[in-house]
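Just so you know, all these numbers are worked out from the coordinates, no wet-lab data involved. The structure displayed is predicted, hence computed values, not measured ones. Cβ atoms come from the backbone with ideal geometry, glycine included; neighbour counts cover every protein chain shown.
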Amino acid sequence: MPEILVLVDHTDGAVHKPTLELLTLARRLGEPSAVFLGPGADSATEVLGRYGAHKVYVVDAPEVGEHLVTPAVDALTQLAGRTGAAALLLPSGPDGKETAARVALRLGSGLITDAVDVVPGPDGPVTEQSVFAATYQVTAHVTRGVPVITVKPNATAPEPAPVTPLVEKQDVAFGPASAAVRVLARTPRERGDRPELTEADIVVSGGRGVNGDFTVIERVADALGAAVGASRAAVDSGWYPHRHQVGQTGAQVSPQLYLAAGISGAIQHRAGMQTSKTIVVVNKDADAPLFELADHGVVGDLFEVLPQLVEEIRRRRS
Amino acid sequence: MKIVVCVKHVPDAAADRTFTEDGSTDRASVDSLLSELDEYAIEQALRIAEADGADTEISYLTVGPDDARDALRKALAMGGDSAIHVSDEGIEGSDAFGTSLVLARAIERHGFDLVLCGMASTDGAMGVVPAMLAERLGVPAVTHVEGLTVDDGTVSGRREGDGATVSVQGTLPAVVSVTDRSGDARYPSFKGIMAAKRKPVETLDLADLGVDPAQVGRSGARSAVDTTARRPPRTKGEIVVDDGAGGAGLAAFLTARKFI
Ligand SMILES: Cc1cc2nc3c(=O)[nH]c(=O)nc-3n(C[C@H](O)[C@H](O)[C@H](O)COP(=O)(O)OP(=O)(O)OC[C@H]3O[C@@H](n4cnc5c(N)ncnc54)[C@H](O)[C@@H]3O)c2cc1C
Ligand SMILES: Nc1ncnc2c1ncn2[C@@H]1O[C@H](COP(=O)(O)O)[C@@H](O)[C@H]1O
């Protein structure tokens, strides 16, 4: 079975869900090995094994935390060489994509970013991507070298396939480029009580129509066990933090249910939510373009519709 | 200080973008414009120059077909000094590897202290060219940042990365990419538009840059598109006008779909 390297996305050893999705996809292509950078591998090994990582390569060197991206590039490039891996899977995000790009360049390999699915094919992995604001589906494959692929969150449901992983500490020779960009301070993203935006089954988003106070959106989100999203207009107005922005320059989400209130539906917003399974829209303007995507739409004032929705959810549940 | 800003001419995102038969972006069927996300890079270059006085020289660089020149004119209308247009039939069909190779050779030829890029192009949206440029040029990459500051030979910014917000710093020369939160871009003034007409635009081809045509274009591409398919349009569902029971109706819909 060919070895597939999966770069682990974690905070101090707490493994994030997209990594489990990568391991699940990697099992279609061969035998997954997890590449764990930084401290905390001990607490991660069990869950990595549960999702099918036969090996866990641990690179716990100070460079990993002190510098940006390039330590991961050195580690993955060298591990790809040592293991003769058949493919590399990384999470899609600024860090994952830049790491992938530089690794591919060094390996003389091809690169595919933002895959929403990966399946085995006659000439190596075949990827699926959503492009042009998610109006097109494209399948593609790498034609040169060891395929390097970054995968978006929610590409597949994580499925357990327990094994007891072999844990191997790996030494990496960090090149001068690894010291080039220093991390002066690092603030890990808060994982609040609500689900993560890109990982959630349900996302409830608010836009300019919310007019300042996002409590009305949060109440619906909590009633449904959902993550909170926001349009760029809402974020730019300072009503909600940027990490909640959905769209071209924010998160691209693909939940089972996307509920948008007070969002008009600009192409840049649609680019981030168009592939959601079910879309519900509340807007007082019947001509808002987002209604074109809606499975169910309510033309009305969100300050009346949403509180009534929350009330009704409570009533139906009790 | 010598600043090179990489700008891309892209099909208008608001238009109906499609593919040609061979799976590359159909540039003929829709209007193209300067990628909006590159305007943020231009804005940062102009602000650095304003703070630095007369010592800063700004050049724009684009790799693309003839009409990519329009992107350079728009950039020059915003400000800056000169532009370089790399155009060659051999470049058609390049992926990020080919594009970054051509950009890197052109940047080396021109000389630079700082290369500024957008966070991603609005058509390909891979967001990998800046990282590849840094790798090829062998200089630090301070990418995906806002709150950019350049001083005393260093460049710093704040980056919202995958799991954390980090503040990062590198030394010049460097490649920097900025996000759409780095500061609103200015509009070209009438005076700027007139002045842009007199600013020099150099045109180069692969031979000028000594780039082997086998490394770029379709022949140099490292991945291949197998299929492209338009997603079936979503069928518009029921749109109800709230008559006082819109929220309850919504709850009924969500219950029917098993979300409640
Ligand atoms: C390069 C670039 C990148 C961008 N990236 C993104 C991105 O990632 N994400 C993003 O979202 N946008 C992005 N945008 C911005 C995008 O073009 C729109 O400007 C933005 O999405 C508008 O947000 P909105 O729908 O909340 O605001 P608006 O367009 O102002 O819409 C507000 C809506 O609220 C409705 N409304 C008002 N009051 C009420 C009420 N009481 N009840 C019900 N409805 C009400 C109105 O009818 C209206 O339809 C980007 C733009 C550019 C140029
Ligand atoms: N053909 C090109 N010409 C000039 N600059 C480019 C080109 N392609 C990409 N870039 C630069 O690289 C950035 C990221 O592009 P991408 O990796 O394609 O998303 C853009 O915002 C530009 O600054």
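Each residue in the stretch A:1-34 was checked for being charged (D, E, K, R), over 23 Å from A:Pro94 (Cβ atoms) and touching a residue at least 40 places away in the same chain (Cβ under 8 Å), and 3 of them qualify. Within the stretch A:114-139, restricting attention to residues that are more than 30 Å from A:Glu292 (Cα to Cα) and touching a His at 6+ places or on another chain (Cβ under 8 Å), the residue that is surrounded by the most Cβ atoms within 10 Å (Cβ to Cβ) is A:Pro125. Name the single residue, out of those in the stretch A:102-113 being buried (at least 23 other Cβ atoms within 10 Å of the Cβ) and in contact (Cβ under 8 Å) with a residue 40 or more places away in the chain, that is nearest to the other protein chains (Cβ to nearest Cβ). Ranking the qualifying residues of the stretch A:102-113, first place goes to A:Ala104. Exactly one residue out of A:Thr127, A:Thr113, A:Thr99, A:Thr45 is β-branched (Val, Ile, Thr), under 29 Å from A:Gly250 (Cα atoms) and not in a strand (DSSP E or B): that is A:Thr99.
The residues in the stretch B:103-155 that are within 11 Å of another protein chain (Cβ to nearest Cβ), assigned to a strand (DSSP E or B) and without any contact (Cβ under 8 Å) to a residue 40 or more places away in the chain can be counted, and the count is 7. Taken over the stretch A:177-201, the criterion of being buried (at least 22 other Cβ atoms within 10 Å of the Cβ) and either farther than 30 Å from A:Asp74 by Cβ or polar (S, T, N, Q) (or both) is satisfied by A:Ser178, A:Leu197, A:Thr198, A:Ala200.
Determine whether A:Leu309 is of a type outside the set (Asp, Glu), more than 27 Å from B:Val166 (Cα to Cα) and either within 16 Å of ligand 2 (Cβ to nearest atom) or in contact (Cβ under 8 Å) with a residue 40 or more places away in the chain (or both).
Details: of a type outside the set (Asp, Glu): yes; more than 27 Å from B:Val166 (Cα to Cα): yes; either within 16 Å of ligand 2 (Cβ to nearest atom) or in contact (Cβ under 8 Å) with a residue 40 or more places away in the chain (or both): yes.
The answer is yes for A:Leu309.
Here the strands (runs of 3 or more DSSP E) wholly within the stretch A:218-318 that include at least 1 residues being more than 7 Å from chain B (Cβ to nearest Cβ) and closer than 16 Å to B:Gly237 by Cβ are A:257-261, A:278-283. Of the residues making up the stretch A:88-141, those that are farther than 22 Å from B:Ser100 by Cα and of a type in the set (Gly, Ala, Ser) are A:Gly121, A:Gly124, A:Ser130, A:Ala133, A:Ala134. Among the residues examined, B:Gly210 does not qualify as within 14 Å of another protein chain (Cβ to nearest Cβ) and away from ligand 2 (no atom under 16 Å from the Cβ).
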